[in-house]
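Working notes for the structure below.
The values are calculated or read from the model by the stated rules, or taken from the named source; none is laboratory data. Keep in mind that this is a model prediction, so the values were computed, not measured. Every residue, glycine among them, receives a Cβ derived from its backbone with ideal geometry; neighbour counts consider all protein chains shown.
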Amino acid sequence: MSNETRAAYTRHLQSQLQQGEAEQWELPDVTQASDRAQINAVNMHTTPAEPDPEPEEVPPPPTLAEIEAIRTDAQQEGFEAGIEQGTQKGIEEGRLKGLEEGHQQGFAQGLEQGLEEGKKQIALQMQQWDALLNELIAPLQAVDSQVEQELIELTQQLARAVIGCEVKTQPEPLLLALRQAVEALPSQEQQITIRLSAADLELVKLSYGEQELARRDWRLELEPSLSQGSVQVNTKRSRVEMPLPERIDAILNQFINQPRPPVDEPDYPRVDSAPQLSEPVTAETTETAPSAAGPEAVPASPEPQGDPHGAA
């Protein structure tokens, strides 16, 4: 290779090295490893002596200042670590305690508010239910009152019919009314005129007889306008009327208006007998006349107790 060629090749390599394109090339290792031990002159294997190891450098012991500095640093690090750990633990415990107290306070406050709100809701619901019940009960009460009044009127009509039938068949109610009317007169020592219906006129004649009527100075007269069971007693100065309808109404009113315990009570007494007769007496007189008959005004043959017809 000529010098010019060698110089050109060298320049080319330098330019590649500058541009980073060429890589350094190392010469290959041409040494051959041999594991055979060296043989000395007497044909003996020898082992080369190993070189003595280099002594290790022992660091010098720390000084008192360094030990004090290490102790101070360790104490400071432990103190800071304790502060950090205590702070973290305190924060965690405080957070948990705060959560627990907040939960308890919130639960108690929520429970109290819930109870108050529940009471308000219950009171509102009760008012609404009361209003609904009143709307349901009011018509029922009106119907009950109407039915009760109609039942009373029906009972009165039925009682009047039964008593009227009883008066037509039994003489005792008429004779009792006649005796009470005569006793209600201011003075009985005078002629008495007794006005009756046709049926009652015959009944009185049969009951007293002509002689007794004459002895008592009673004069019987027919009065077609009077209903059977009604009596009208007249003297020169007074008059006593005992109409049957008014006597029946008095008995029924006395029975209806008497105080009674509530029907739904267990000890509600059963009505076994009707009230005693207490007929109204209407007297028109110029003298002072008693308004009620005494207890001696009782017929000779009274009806059994419990029969309201005989008391009429």
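Brief remarks on what is shown
- Residue count, the range 188-226 (criterion: in a loop (DSSP other than H, G, I, E, B) and without any contact (Cβ under 8 Å) to a residue 40 or more places away in the chain): 8
- Residue in the range 233-245 that is over 15 Å from V167 (Cα atoms), touching a Phe, Trp or Tyr at 6+ places or on another chain (Cβ under 8 Å), among the hydroxyl-bearing types (S, T, Y) and buried (at least 17 other Cβ atoms within 10 Å of the Cβ) present: no
- Qualifying residue in the range 190-199 (condition: of a type in the set (S, T, Y) and modelled with pLDDT under 85): no
- Among the candidates P53, P62, residue that is part of a loop (DSSP other than H, G, I, E, B) and surrounded by 10 or more Cβ atoms within 10 Å (Cβ to Cβ): P62
- The condition of being among the small types (G, A, S), within 25 Å of S227 (Cβ to Cβ) and at pLDDT below 85 holds for only one of G164, G102, G106, that being G164.
- Residue that is nearest to G229 (Cα to Cα), among those in the range 167-177 that are touching a helix residue (DSSP H, G or I) at 6+ places or on another chain (Cβ under 7 Å) and free of Cβ contacts under 8 Å to residues at least 60 places away in the same chain: L174
- Hits in the range 190-216 (condition: over 17 Å from E172 (Cα atoms) and loosely packed, with under 12 Cβ neighbours inside 10 Å): Q191, E210, Q211, E212, A214, R215
- Contact map, the range 143-158: residues that are modelled with pLDDT of 80 or more paired with residues that are not in a helix (DSSP H, G or I), Cβ distance under 7 Å, separation 6+ or inter-chain. No pairs are found.
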